Amino acid sequence: MKRTPLEPWIVNGLGFQPALENLRRFQLQKIRDTLHYVRRHSPFYRKHLEAMPLNINSFDEFTRFPFTDAGHISKNPLSFLCVSQNEIERVVTLTSSGTSGPPKRLYFTSEDLEQTMDFFLVGMSTFTGSEDKVLILLPGERPDSVGDLLCRALQRGGVRAVKHGPVHDAEKTLAVIKKEAVTCLVGIPTQVLWLARCQKHPDPVVADNIKSVLLSTDYVPRAICSALESTWNCNVYNHYGMTEMGLGGSVDCEARQGGHLREADLFFEVIDPETGCPVSPGEYGEVVFTTLTRKGMPLIRYRTGDMARFLNTPCPCGTFLPRLDRVRGRIQDRVALGPKRQLYIADLDEALFQVPECLNYQARLKQQNGTTILSLSIFTPEAVPNRFRDDICRSLKSIPAIRDGIKNNDVTVGDITVSTHNWFTDGTVKRKIRVE
Ligand SMILES: [Zn+2]
């Protein structure tokens, strides 16, 4: 098994011997530098870190620093800036995934974007080389958008790449995959699933060509990975990142058992979301990161809202670099399901995507006479067989919160409506649990 290419990239780039203590020493120095940099240049941090001593000597001291979060950015994104506005190369506006809340703006300099492209190229070299052709199913029309940066990064590394953009018509995209002899796909989990499931009998030429798939942008359900691997006999890799991280955060190595992190540019922590204290390796908590090299809009202890954990065993690929387990879901994507039970979208993903006809869904919870009724609208490629509803109900019962609720008579499964209407084209790609 090949060691993650992130290791030589980080070690050679920074000039130290490959050992975790050397990496941590480097990161602590970069954190100190960043603290001084932001307090000197950013009005937000000047106030936010007013009372904090900047010359920290340990990570323990750093854990006493206040968090930043999406609310701070939404309120006044320009106050985060550490450079003048004309040094900003790209502005990304993110609408809040909830119904309320102003949009967030993130600012990047050309240097910041270069670092992202470096990470993309090294991360992709885990499973691509000059013999490959990559089809990018992420938004890529705008200059410096995620798809554009990835495409340029790959081309710079001598890998052939084609910008396609999100899938709007699965059959058409499959025709492109076949015509271009694509060997690697990069896309959003439910979109790539659509490609795998839209034909009753997958095209053998496509299945033969596709060697690897990188899923990104979203929580990556294991059920989708399994479906893709069995349809195309390929390896599915997971990328974890968000715009705030500079679009890239971690990527699987060949072991595909957790991602190695972009440690040269980002310092990650996992904290208890209630107390804010760091949790032990192996325990789940909220992912928090600090940018180490960002020039335009550095983020200090930024709360991602994503639940994950550090794995506390060495990676089979043999690197000293730590691993972050795949994200379990977002804190805001969970709802109470009766007393002491919680339902995550991730739970529904794992259950529903196991059913072969399921391509996407929306869930609704309604209270009636002390019972919670769970209803679903499911997008399928075509009319479904008679067993479909039974399959869905059986899968739902594999979720402990639902199974226990049914047993306890406070949860029931209501309507399951099926639609072949293509939600992917009308902007409602994200799965949701609506509470009525
Ligand atoms: Zn590894």
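The values are calculated or read from the model by the stated rules, or taken from the named source; none is laboratory data. Just so we're clear, the structure is a prediction, and the values are computed from it rather than from any experiment. When we count neighbours, we look across all protein chains shown, and the Cβ atoms used for this are built from the backbone with ideal geometry, even at glycine. Heavy atoms of the whole protein, side chains included, go into the accessibility calculation; ligands, DNA and RNA do not. Shrake-Rupley method; radii C 1.70, N 1.55, O 1.52, S 1.80 Å.
If the limit is 30 Å between Cα atoms, which of K172/K430; K179/K295; K163/K200 go over it?
Long pairs (Cα-Cα over 30 Å): K179/K295.
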Work out from phi, with θ = phi - 60° and the Karplus expression 6.51 cos²θ - 1.76 cosθ + 1.60, the ³J(HN,Hα) of each residue of region 377-392, listed in order in whole Hz, and give x for Gly and Pro.
10, 10, 8, 10, x, 7, 3, 9, x, 4, 6, 4, 4, 4, 4, 5
Report the Cα centroid-to-centroid distance between region 18-59 and region 69-86 in angstrom, as an integer.
18
Taking DSSP loops as anything outside H, G, I, E and B, show the longest stretch in the chain free of trypsin sites (Lys or Arg not before Pro) there with at most 12 other beta carbons within 10 Å.
201-339
At a 1.4 Å probe radius, carbon and sulfur cover how many percent of the accessible area of the chain?
49
Suppose all protein chains stay in the model; what accessible area per residue would a 1.4 Å probe give for the chain, in Å²?
44
Relative contact order for region 146-230: what percent, with Cα pairs under 8 Å and sequence separation of 6 or more?
30
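If you restrict to DSSP beta bridges whose two residues both lie in the chain, what percentage is antiparallel, to the nearest 5?
Antiparallel bridges make up about 60 percent of those DSSP assigns within the chain.
Can you give me the relative contact order of region 292-436 as a percent, contacts being Cα pairs under 8 Å and 6 or more apart? Provide the component values of the computation, followed by the final result.
Working: 206 pairs, mean separation 33.4, N = 145.
Relative contact order for region 292-436 comes out at 23 percent.
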³J(HN,Hα), Karplus 6.51/-1.76/1.60, whole Hz, each residue of region 173-188, x for Gly, Pro
5, 4, 5, 5, 4, 6, 4, 7, 6, 6, 10, 9, 10, 10, x, 7
Those GluC sites (Glu not before Pro) from region 93-173 that are DSSP loop and have at most 16 other Cβ neighbours within 10 Å turn out to be E131, E141
If you average the sequence gap of Cα pairs under 8 Å that are 6 or more apart and divide by the length of the chain, what percent do you get for the contact order?
13
To the nearest Å, what is the center-to-center distance of region 292-331 and region 255-270, using C-alpha atoms only?
4
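At 222 nm, what helix-only mean residue ellipticity would the chain give, in deg cm²/dmol to the nearest 500, using -39500 (n - 2.57) for each DSSP H run of four or more? Walk me through the intermediate numbers first.
Values: 14 runs with 134 residues, N = 436.
Computed mean residue ellipticity for the chain: -9000 deg cm²/dmol.
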Taking the alpha-carbon centroid of each part, what is the distance from region 380-397 to region 184-252 in angstrom?
23
